[in-house]
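To start, the structure itself, in structure tokens.
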Amino acid sequence: MRELLLSRLSGAFETGGLTMTVHALDIVENERTFTAVLLVEVQGERWRVRIPSDKADMHVFDGRPSAELVTGIADMLRIQLVEWWFTKNGERRSARMGERVA
């Protein structure tokens, strides 16, 4: 699964004048959810960001997920990553999701 999502997330993407580069992705499975752990670079800063999923996203682990499902989850992760970036300094929940790495 990690490989399917990484192929849709890795590299740079631009949104609202902001460029984010995803360098690595790990998937940590929990009982009925998973957490995506992304190593990203934004404006010269490197961050490790943990984005939790909800139960509906676990369908991606059921056998061979459709390309549409994988793309949908990758898009959701991108959206949450951008939201995290813009809210990390003002919301506690967002601040806990990321840690700056050297």
Hits in region 22-38 (condition: over 11 Å from Leu5 (Cβ atoms) and either part of a loop (DSSP other than H, G, I, E, B) or not polar (S, T, N, Q) (or both)): His23, Ala24, Val28, Glu29, Glu31, Arg32, Val37
Failed item in (1) open to solvent by less than 70 Å² (accessible area, probe 1.4 Å); (2) touching a residue at least 24 places away in the same chain (Cβ under 8 Å); (3) in a strand (DSSP E or B), with Glu41 passing the rest: (2)
Number of the condition not met by Val60 [criteria: (1) among the aliphatic types (A, V, I, L, M); (2) part of a strand (DSSP E or B); (3) more than 18 Å from Ala12 (Cα to Cα)]: (2)
First in region 1-30 and more than 12 Å from Val49 (Cα to Cα), second anywhere and hydroxyl-bearing (Ser, Thr, Tyr) and not in a helix (DSSP H, G or I), Cβ under 7 Å, 6 or more apart: Gly11/Thr21; Ala12/Thr19; Ala12/Thr21; Val28/Thr35
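The values are calculated or read from the model by the stated rules, or taken from the named source; none is laboratory data. Quick caveat, the model's predicted, so the values are computed rather than measured. Don't worry about glycine lacking a Cβ; one is built from the backbone with ideal geometry, like all the others, and counts go over all protein chains shown. Only protein heavy atoms, including side chains, enter the accessible area calculation; ligands, DNA and RNA are left aside. Shrake-Rupley method; radii C 1.70, N 1.55, O 1.52, S 1.80 Å.
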